[in-house]
Amino acid sequence: MAVIKANSSDVDLLARLMRAEAEGEGDQGMLMVGNVGVNRILGNCMDFKNIRNMNDMVYQSPGGFEATQKGYFYQRARERDRRLAQRAINGERTWPANNALWFFRPEGDCPPTWYDQANTGRYKAHCFFAPTYEDCPSVY
């Protein structure tokens, strides 16, 4: 059962985002990008108030994803990526992204905080950051 409302176009959009942001980090890394996206829709907190659907989340500006500015994002979604996107939409969560609202790829070590949010861990090249339960209970 989906934890957010999503139609076929939404699945494709999330699949394209996951691939463009983290294809080099394999299925698990791509699923973590999906976790962050779903959390932003669920959260309705902090920088993500009134982000209620996939389109709002993917194209949020400012605060959105860099991948939407690159041509690779605009390629057709692959079936493999669609399956991963559906898993994220269905609520599958993977540490360290399970409650995260942010991720980025630093040059070196992960900083302890980013946008005043705690580092929850690193997966390959990306560092993940989550709000506290008090700041954003909907992602917990």
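The values are calculated or read from the model by the stated rules, or taken from the named source; none is laboratory data. Predicted model only: the values in this text are computed from it and were never measured. Neighbour counts run over all protein chains shown; Cβ positions are idealised from the backbone, glycine included. Just so you know, the surface numbers come from the protein's heavy atoms only, side chains and all, with ligands and any DNA or RNA stripped out. Shrake-Rupley method; radii C 1.70, N 1.55, O 1.52, S 1.80 Å.
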Counted residues, the range 29-74 - those being among the β-branched types (Val, Ile, Thr) and over 14 Å from residue 102 (Cβ atoms)
3
For residue 99, indicate whether it is farther than 25 Å from residue 8 by Cα and crowded, with 17+ Cβ neighbours inside 10 Å.
no
Here are the criteria: (1) over 14 Å from the mean Cα position of the chain (by Cα); (2) at pLDDT 95 or above; (3) open to solvent by less than 70 Å² (accessible area, probe 1.4 Å). Tell me which single one residue 126 does not satisfy.
(1)
(1) of a type in the set (A, V, I, L, M); (2) at pLDDT below 95; (3) closer than 20 Å to residue 95 by Cβ all hold for residue 1 apart from (3)
Where the second residue is among the acidic types (Asp, Glu) and the first is closer than 19 Å to residue 26 by Cβ and lies in the range 110-133, which pairs have Cβ atoms under 8 Å and are six or more apart or on separate chains?
123/25; 124/25; 125/25; 126/25
What are the pairs with Cβ atoms under 9 angstrom where one residue, in the range 61-85, is under 15 Å from residue 22 (Cα atoms) and the other, located anywhere, is of a type in the set (S, T, N, Q) and surrounded by 14 or more Cβ atoms within 10 Å (Cβ to Cβ)? Sequence gap at least six, or different chains.
74/68
Is it fair to say residue 118 is surrounded by fewer than 16 Cβ atoms within 10 Å (Cβ to Cβ) and over 17 Å from residue 18 (Cβ atoms)?
yes
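Only one of 40, 78 is at pLDDT 95 or above and over 22 Å from residue 139 (Cα atoms). Can you tell me which?
78
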Name the residue that is least open to solvent (accessible area, probe 1.4 Å), counting only residues in the range 15-41 that are of a type outside the set (Val, Ile, Thr) and over 21 Å from residue 127 (Cβ atoms).
15
With respect to residue 35, is the statement that it is of a type outside the set (A, V, I, L, M, F, W, C), in a loop (DSSP other than H, G, I, E, B) and over 17 Å from residue 132 (Cβ atoms) true?
no
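In the range 72-81, which residues are assigned to a helix (DSSP H, G or I) and either open to solvent by less than 60 Å² (accessible area, probe 1.4 Å) or of a type in the set (Asp, Glu) (or both)?
73, 79, 81
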Say we look at the range 83-140 and pick out the residues that are among the aliphatic types (A, V, I, L, M) and part of a loop (DSSP other than H, G, I, E, B); which of these is farthest from residue 37 (Cα to Cα)?
125
So which of 7, 50, 90 is modelled with pLDDT of 95 or more, under 22 Å from residue 136 (Cβ atoms), open to solvent by 60 Å² or more (accessible area, probe 1.4 Å) and more than 13 Å from the chain's Cα centre (by Cα)?
90
